[in-house]
1. Could you work out how far helix 363-373 tilts from the main Cα principal axis of the chain, as a 0 to 90 degree angle to the nearest 10?
2. For the chain, set up a Gaussian network in which alpha carbons nearer than 10 Å are linked by springs, and say which option among 379, 63, 208 fluctuates the most.
3. Can you give me the P(r) profile for the range 98-257? Cα pairs, bins 10 angstrom wide beginning at 0, each as a whole percent.
4. Can you give the extra length, in nm with one decimal, that the chain gains between residue 111 and residue 353 once fully stretched, where that is 0.36 nm per residue apart less the Cα-Cα distance?
5. So between residue 393 and residue 343, what do we pick up on full extension, going 0.36 nm a residue minus the alpha carbon distance?
6. In a Gaussian network model over the chain where Cα atoms closer than 10 Å are linked, find which of 189, 56, 280 has the largest mean-square fluctuation.
7. Could you tell me the relative contact order of the chain? Use alpha-carbon pairs under 8 Å, at least six residues apart, and round to a whole percent.
8. Applying 1/(1 + (r/R0)^6) with R0 = 41 Å to the Cβ-Cβ distance of residue 96 and residue 204, what FRET efficiency is obtained, to the nearest 0.05?
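Values in this text are rule-based calculations from the coordinates and carry no lab data. These numbers come from a predicted model, not from an experiment. Quick reminder, even Gly has a Cβ in these numbers, built from the backbone with ideal geometry, and neighbours come from all protein chains shown.
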């Protein structure tokens with residue numbers, strides 16, 4: 001049996017914050033903030049304009065210093081007043097009072113996170129998901145207090161619990177992704193999927209080094225390095241990986257291994273690190289041992305409920321779980337809509353529409369999920385959703401590699 005993973009990587013630890021900001025959400029899920037003129041307004045994006053700090057008796061807007069007073073309403077909501085006037089659902093003082101729901105926000109301003117993301121090619125929002133959402137995710141994954149359960153891979157994760165949709169629509173990380181990629185039009189290249197690692201047995205196949213979709217450097221079996229050629233793309237970002245930590249991520253339980261900063265090279269990992277295309281072959285680990293795990297690699301440790309964003313060109317691989325607890329994450333590849341998706345997310349959205357979790361999320365979350373999951377053709381006939389055609393798929397499967405037209 002090959003020796004266990006040496007655990008010699010450089011550890012980057014992201015701690016759970018002691019302080020965090022608050023977002024104030026309308027019943028529909030949009031956010032109270034201040035517009036560019038400094039007036040109260042309800043906004044859809046979770047940028048600096050919607051960040052508040054809880055103070056005695058209410059909240060202070062971090063950007064403008066304005067205060068709103070808060071009185072407890074039903075189910076933890078808040079009724080807000082500004083200078084003696086009730087704040088309505090459109091953010092206007094003097095309107096009909098509307099309950100606002102305090103939502104867990106980031107520990108730093110979104111603009112500060114964006115600077116970090118652009119400088120390093122990765123950023124982590126530590127424990128940005130609330131405890132109820134984390135518990136729902138762990139229930140679906142079958143980990144933590146729900147370890148007696150088995151994750152059901154035969155049913156779309158979105159259909160299993162509303163926490164999957166809430167986490168997928170986390171607003172600050174989506175804003176960061178859009179700004180890093182330089183476009184508001186982003187899509188999930190595949191439906192949200194869980195990656196669950198239990199204790200490694202020393203023999204099972206493992207993942208080798210690669211870059212993520214749409215690049216797939218080091219992992220695509222076809223001729224060439226991957227879907228996207230190794231070339232200088234300048235400032236154009238074709239993919240961001242959005243990983244949600246369902247459990248704590250530690251070096252010992254199989255947290256993702258990275259070569260941080262490798263996205264700047266615009267090329268795949270070196271073959272002597274152990275490529276994904278090689279380790280995908282059954283028995284490769286037994287014959288050749290484990291992929292590279294030395295001090296030139298990095299591990300990002302983060303608490304459950306964290307959202308990790310990284311440039312999809314970054315070299316990485318899954319670690320090995322040396323603990324008795326399961327390590328779980330939700331994986332989401334994000335690309336522009338003109339990149340061919342990795343899997344059909346439209347079909348997952350259709351079943352999600354008929355599921356009970358669809359009825360349990362906010363209007364904003366529904367808008368986000370529909371935008372993220374449904375690919376469209378926009379042309380003379382207007383907007384037309386596209387998805388997989390079963391008959392043509394079967395035809396291509398029959399004729400693949402035969403030279404048939």
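1. 20
2. Looking only at 379, 63, 208, the biggest GNM fluctuation is shown by 379.
3. 8, 30, 37, 20, 3, 0
4. Working: separation 242, 0.36 × 242 = 87.12 nm, distance 3.36 nm.
The span from residue 111 to residue 353 would gain 83.8 nm if fully extended.
5. Extra length available between residue 393 and residue 343 comes to 16.8 nm.
6. Among 189, 56, 280, the largest mean-square fluctuation in the Gaussian network model of the chain belongs to 56.
7. RCO, the chain: 21 percent.
8. Once rounded, the FRET efficiency stands at 0.10.
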